[in-house]
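The values are calculated or read from the model by the stated rules, or taken from the named source; none is laboratory data. Because the structure is predicted, anything quoted here is derived from the model rather than measured. Every residue, glycine as well, gets a Cβ built from its backbone with ideal geometry; the counts of neighbours run over all protein chains shown. Keep in mind that these areas ignore ligands, DNA and RNA; they rest on the heavy atoms of the full protein, side chains included. Shrake-Rupley method; radii C 1.70, N 1.55, O 1.52, S 1.80 Å.
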Amino acid sequence: MLFVVVFVAIALVIVRLKVNPALALLLGTIVLGLASGMGFEDVVTGVNEGFGALMAEVGLLISLGVIMGTLMASYGAVQRIVGGIVGLFGKRASPYAFSLTLSTITPSIYFDVLLVLVAPIARTVAHRTGRPVASLAGPVAMGLAAGNALVVPGAAMLAYLGALRISPSKMLLPGFLFAIPAVLLTTFLYLLVIERLRWWKAADEDTRDEAILVPEESEAPKLGMLTALAPVLVVLGLIVTAIVVPLFGVEVPVIAFLGSPVIALLLGTLTALIITVAKRGLAAQDIEVGKALETVGTILVVTAVAGSLGAIIAGTGIQEVLSGLLGANAVLPLLAVWAIAAILRMAIGGQTVAGITAIGIMAPLMGDLGVSPILVVLAAGAGGCFGGQFSDNAFWMLRSLFGLSTRGTLKTYTLAQSMLSLVVLVFVLIADIFV
């Protein structure tokens, strides 16, 4: 019955009542606590402590990541990076260039901002190479999803790690090891469906004239690739150095300090700030940081409320019930995390909310089930990629930016992200055999 109460509380409040996800998740958390027999005072304590504990873990990380990404977007880093990668891959392999770039190099940039910046570039590449626009729209959608939920410092990924109290440095290598092959394989399978199997009917699904094309001269921004990548390289370089140096038996406190995720992201953000000032002036950085803080507020509240959910679940005793249900087979916990996240993604549209709710339900069970926390995070991230459609605001943004019909958006945005979700799930289940 406790297991049923969890889903009734979340489904009724979030899905049926159409309340804002942050408020809905908070209300669902309180309903769950009271319905499961917790006292009023215990519910209030659990909500407050869970909220604060998760913010202590990821509040600064998410804030700095969004600020850094916003600053990078403001001085043309995204256009330069994407343009350079497309030039490296060649126009025939451009779908791989977009999916790989968005999933590995630019995940610190907020999802919606990145979509607005990249979609016109991708649409233009499709137009000039004579490829179906779907061949670029799908890889863009899957790259954005992977960058947000499968690698550091994607906003959703940082939220997931905070919910399980995992250091981002521990997820850096596994995230890329799963995301890169998954994105490449999914792009291949997606193009097979769209182009080889001719599932794309341009006359019905591509409105053509509605999307914005990028003028020729804007394809080569006056920005060096090293400058464009500098903030990302600073973050990754410091974190990787802090991981590698101790492997040689050397302990250097300064390196450990600089390579800690918060300090590394701070230095990456300062790098982006300096470049913004140099390229656009002192006033521009203040405006861009202000925009970033407006964006980050929503992410932080939803993430922190998910921490409240985890605290309440831990106090209900439901973990004992779930341990009995899921402990019979080592694969079941990972499938359960994926399924919960996938159902919520389809229902409410929010990738971060879907994944972190699934993790919140599973977090109290981690010690009992003996499953790898890294694989749980990846399973939640994969589930959060599945089935994005009408309830997802990014679905409608991609439709407009690429000039697609609603049916065409289902065949690109929804199909590409769902295929990625299933591929990552398979990878996770295979990895679980060897962990």
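For the range 398-431, a residue qualifies if it is open to solvent by 50 Å² or more (accessible area, probe 1.4 Å) and either under 30 Å from Ser372 (Cβ atoms) or of a type outside the set (D, E, K, R) (or both), and the qualifying residues are Ser400, Leu410, Leu422, Val426, Phe427, Ile430. Given the structure, is Asp42 over 28 Å from Leu191 (Cα atoms), of a type in the set (D, E, K, R) and either assigned to a helix (DSSP H, G or I) or in contact with a Cys (Cβ under 6 Å, 6 or more places away or on another chain) (or both)? Spelling it out, Asp42 is indeed over 28 Å from Leu191 (Cα atoms), of a type in the set (D, E, K, R) and either assigned to a helix (DSSP H, G or I) or in contact with a Cys (Cβ under 6 Å, 6 or more places away or on another chain) (or both).
Suppose the filter is in contact (Cβ under 8 Å) with a residue 60 or more places away in the chain, open to solvent by 40 Å² or more (accessible area, probe 1.4 Å) and closer than 19 Å to Ala159 by Cβ; does Leu273 pass it? When the stated conditions are applied, Leu273 does not pass them.
Table: residues versus (1) at pLDDT 90 or above; (2) closer than 21 Å to Phe98 by Cα; (3) charged (D, E, K, R).
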site	(1), (2), (3)
Pro132	no, yes, no
Pro139	yes, yes, no
Leu144	yes, yes, no
Ala155	no, yes, no
Leu158	no, no, no
Leu164	no, no, no
Lys170	no, no, yes
Ala182	yes, yes, no
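Where helices (runs of 4 or more DSSP H) sit wholly within the range 340-435, those with at least 2 residues that are touching a residue at least 60 places away in the same chain (Cβ under 8 Å), under 25 Å from Phe188 (Cβ atoms) and out of contact with any Phe, Trp or Tyr (no Cβ under 7 Å at 6 or more places or on another chain) occupy 373-384, 393-402, 406-409, 415-434. Just so you know, in the range 337-370 the residues that are surrounded by fewer than 24 Cβ atoms within 10 Å (Cβ to Cβ), among the hydrophobic types (A, V, I, L, M, F, W, C) and within 16 Å of Asp432 (Cβ to Cβ) include one that is modelled with the highest pLDDT, and it is Ala339. Thr303: modelled with pLDDT under 85, open to solvent by less than 40 Å² (accessible area, probe 1.4 Å), touching a helix residue (DSSP H, G or I) at 6+ places or on another chain (Cβ under 6 Å) and among the polar types (S, T, N, Q), yes or no? Taking the combined requirement at face value, the residue satisfies it. Considering Gly154, Gly130, the condition of being within 30 Å of Phe51 (Cα to Cα) and either of a type outside the set (S, T, N, Q) or surrounded by 24 or more Cβ atoms within 10 Å (Cβ to Cβ) (or both) is satisfied by Gly154 alone.
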